[in-house]
Amino acid sequence: MPTTAILSIDQGTTSSRAIVFSLDGQPLASAQYEFKQYYPKNGWVEHDPEEIWETTYRACEEALAEAVEKGIEVVSIGITNQRETTLVWDKRTGKAIYNAIVWQDRRTAEICAGLQDALDTVKTKTGLLLDPYFSSTKIAWILDNVTGARALAEAGHLAFGTIDTFLIWRLTGGQSHVTDATNACRTNLYNIHNNSWDDELLALFDVPKSVLPSILDSASDFGTTAEHVFYKRIPINGVAGDQQAALFGQCCFNNGDLKSTYGTGCFALLNTGDTALPSKNKLLTTVAYRLDGKTTYALEGAIFTAGANVQWLRDGIKVIKVARETQALAESLDYDHGVFLVPGFAGLGAPHWEPKARATMFGMTRDTNNAHLARAALEAVCYQTADLLHAMKQDGAASKSVWVDGGMVANDWLCQFLADILNIEVKRPEMMESTALGAAYLAGLKQGLYKDFSEISGHKALDKAFKPKMQTETRSELLTKWQVAVQSTLHFARA
């Protein structure tokens, strides 16, 4: 009898992956393809929609072929995606009218600055801030800067979608124009309290309702792949934005559960149950997941560059050849090495939200070398995470431990330094593909392959726990210097 499995599509910022998971959460087949990043102007970041589709499709075909060869039966598809990245396409052709504008893109900073009088309304309804990070101003920019786009939208010919919506459209042959609540809530157009697109916000951002997808639960019937797409038609049953999918994959189902994912950026989400906890410290109140019409909320802190710091070391200034070199380099220095990197490569996210910030290095001497740069790049991620958890604590939400995942946490030195700086236990699961796994779990719930959360949690296993070892005085000294560096960077950005 064939093994029953779920195909998880994980469409990220730098690559598209497909992983076939067994029901106990083990990867059985996989494929991954990177794609190009485009930087047409300072602060602009774009992806080619066709490259996104082609790499995703190729990864799926390869993973499915491997599954078939092993006698595995894929019965459902889950999708997780880079959030906020914005696409607008022509419904008649399925072709995007402009490149995908990536979540990191800062081109609409002036638009956001001009709307600050509406900040309270936006925060109250969406739980978000006014920032180029979110999708609404990206949609408006495309409609205003692509010739004839607004007329096409008014005629009902255009569709907007985050990456999940675009992939579902392609996979279903244009039959499904849908998203889920976790992606909808990242647009600045979705009211997280009544679970719907908000007419007042649509008017504020000048986005026509006709371009928007329908919003479904995170475990739902999103459509079935078209006849010609794969070797058989497969239902799409789970969708969640990447960070919410990671929260789900880490089994953070209880109020107070905290996870932090270290991919291109870093995102810490703390489950707040059925309470949409407002933040006084510029964190985001967001949808963790929506199941059977019931919304579970989370408090989120977003760091724009985490793994991207290491990519910069490798591809930008070329001080390392492969990412794993950073651990040995970091271990070669003492805590008082003196170099600090504030990685504002795409502005600074929570709790500062300064789109004009740029990366700054402090404390360099003639003796500064590759090791200092590598360690500063890793340490910056930990310091920024400490800023997020401090803000959460001030908002009345705290946790005694944090589950971590993402490519960076394979680095033991990073995990230990993170525990030292946060002064809480850092837990690394055996299965670190939490984002893809979360999408698979959602699909499995809808298919009835899991009866409840407890059955899913039963598959979770701890790889290693890191307990804080750093002296209080050392931690305090490092965090104080970090804050001086951050404030200096912000002062320069605002000068």
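Among all the aspartates and glutamates, which ones have a C-alpha under 13 Å from residue 41's C-alpha, if same-chain residues fewer than 8 places away are not counted? Those aspartates and glutamates meeting the cut-off are 105. Bridges between two residues of the chain, per DSSP, are antiparallel at a rate of about 70%. If R0 is taken as 41 Å, the Cβ-Cβ distance between residue 332 and residue 209 corresponds to a FRET efficiency of 0.10. For region 3-241, the percent of C-alpha pairs falling in each 5 Å distance bin, counted from 0 to the bin holding the largest distance, reads 1, 7, 14, 18, 19, 16, 11, 7, 4, 2, 0, 0. Spacing of the modelled spin labels on residue 400 and residue 44, each 7 Å from Cα toward Cβ, amounts to 5.2 nm. Distance between the C-alpha centers of region 18-76 and region 125-142? Whole Å please. First find each Cα centre; the distance between them is then 27 Å. Note on residue 454 and residue 175: the model spin-label points, each 7 Å out from Cα along the C-beta direction, lie 3.8 nm apart.
For region 312-343, chymotrypsin sites (Phe, Trp or Tyr not before Pro) are listed when DSSP marks them as loop and at most 16 other Cβ atoms sit within 10 Å of their Cβ; the list is 335. When DSSP beta bridges are restricted to pairs lying wholly in region 3-241, around 60% turn out antiparallel.
Neighbour counts of other Cβ atoms within 10 Å put 426, 178 in the fewest-to-most order 178, 426.
Could you list the residues of region 111-144 with an amide nitrogen less than 12 Å from a label point located 7 Å from the Cα of residue 194 in the Cα-to-C-beta direction? Backbone N within reach: 125. Loop-resident trypsin sites (Lys or Arg not before Pro) (DSSP state other than H, G, I, E or B) in region 1-54 with no more than 16 further Cβ atoms inside 10 Å of their Cβ: 36, 41.
For region 163-206 and region 287-363, what is the separation of their Cα centres, given in Å? Value for the Cα centre distance between the two parts: 28 Å.
Dipole size of the chain about its Cα centre, with +1 on Lys/Arg Cβ and -1 on Asp/Glu Cβ: approximately 520 debye, rounded to the nearest 20. Farthest towards the positive end of the charge dipole of region 3-241, among the residues 21, 225, 49, is the Cα of 49, using unit charges on the Cβ of Lys, Arg, Asp and Glu. Listed by Cβ neighbour count within 10 Å, with the fewest neighbours leading, 392, 432 appear as 432, 392. Kirkwood hydrodynamic radius computed over region 404-495 comes to 16.2 Å, based on all pairs of distinct alpha carbons.
For region 179-236, the list of trypsin sites (Lys or Arg not before Pro) that fall in a loop by DSSP and count at most 16 other C-beta atoms within 10 angstrom reads 232, 233.
Computed from the coordinates by the stated procedures, all read-outs in this text should not be read as laboratory data. None of these values were measured; they are calculated from a predicted model. No Cβ is skipped: glycine too gets one built from the backbone with ideal geometry, and neighbour counts run over all protein chains shown.
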